[in-house]
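Notes for the one structure printed next.
All of the numbers you see were taken from the coordinates with simple rules; none came from a lab. It should be emphasised that the depicted structure is a prediction, and the values quoted were computed from it without experimental measurement. Every residue, glycine among them, receives a Cβ derived from its backbone with ideal geometry; neighbour counts consider all protein chains shown.
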Amino acid sequence: MTATPDARAPAAASGGAPLPRHVAIIMDGNGRWAKARGLNRTDGHRRGVDTVRRVVRRAGELGIGYLTLFSFSSENWSRPADEVSTLMMLLRFFIRSDLADLKARNVRVRIIGSREGVPRDIAALLDEAEMTTAGNTGLTLVVAFNYGARQEIARAARELARRVAAGQLSAEAVTPELLATVLDTVGIPDPDLIIRTSGEQRLSNFLLWQAAYAEFVFVPLMWPDFDERAFEDAIATFGGRDRRFGGLSAGER
């Protein structure tokens, strides 16, 4: 049985370890979770939505500033049509059923990824989620939808190339800092911690630019089994890391 988050002290708070400002999660394993139980893959995705709700709520309770969830990649369109249809249905349901609660809990929603080729009603719901919660000042929930990091970087490069070609910018003025201003994540700090569930240990085209100095925690649990304690344990692991950002630790100086 999963303990409720208020039944114990948060693991991340023990010893005064620092909280990450921005946590990003690759939510992996819905299909395998369902297959192991003789269920359809779509049943795994439905259970995964329940996990999203738990993790978003706990992130807000812990005081994390930004939570990015990799909900649907630009490569996921190649999955079976019925699975894609279910994922779109679940996204519609989540926004329609949870948006009022997110607004009431002071959660701001940001969407990253391309809107090209996205069903019109989905695009409208994404816009609604952003506009409805734009004034909120608590947790920023970043939903990576129809997102691919290489595609994002290519879009940013094209925009800077267009400015250079138009004479608005010199090629020498293109810096990492400038490129960051034309990425989907402009205004969002880079992730401090990236969590991936299901035991897989790769980024899968997720936040490649932004992950330059992120800490990684790979969790063997499938996403539907990822609960508040697992989330807190990952944050506690982050708190024990020595982040040097290319420099030396205090003990090495």
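Using just the helices of the chain, give the 222 nm mean residue ellipticity in deg cm²/dmol: DSSP H runs with n ≥ 4 each add -39,500 (n - 2.57), and the total is spread over all residues, rounded to 500.
-13000 deg cm²/dmol
Note down the magnitude of the dipole of the chain about its Cα centre, charges +1 on Lys and Arg C-beta and -1 on Asp and Glu C-beta and zero elsewhere, to the nearest 20 debye.
Charge dipole, the chain, about its Cα centre: 200 debye, nearest 20.
What is the spin-label model distance, in nm, from A36 to N205 if the labels are put 7 Å beyond Cα along the C-beta direction?
2.7
Could you pull out every residue, at least 5 positions away or on a different chain, whose amide H is within less than 5 Å of the one on F216? Hs are placed 1.01 Å off N in the peptide plane, and Pro or chain starts have none.
Hits under the 5 Å cutoff: I194.
Towards the positive end of the charge dipole of the chain, with charges on Cβ (+1 Lys, Arg; -1 Asp, Glu), say which of V164, S198, A134 has the farthest Cα.
S198
Quote the FRET efficiency, to the nearest 0.05, computed for A100 versus A161 with a Förster distance R0 of 25 Å and r equal to the Cβ-Cβ distance.
0.05
Using a ≥ b ≥ c from the Cα gyration tensor of segment 103-253 (square roots of the eigenvalues), is it rounded, prolate or oblate, where a/c under 1.5 gives rounded and otherwise the larger of a/b and b/c decides, a/b for prolate?
Since a/c reaches 1.5 but b/c is at least a/b, the shape of segment 103-253 is classed as oblate.
Can you give me the distance in nm between label points at E128 and D50, each placed 7 Å from the Cα along the Cα-to-Cβ direction?
According to this spin-label approximation, the distance is 2.6 nm.
What shape does the chain take by its C-alpha gyration tensor, where a ≥ b ≥ c are the square roots of the eigenvalues and a/c under 1.5 counts as rounded, a/b above b/c as prolate, and the rest as oblate?
Oblate shape, in that a/c is at least 1.5 and b/c is the bigger or equal ratio.
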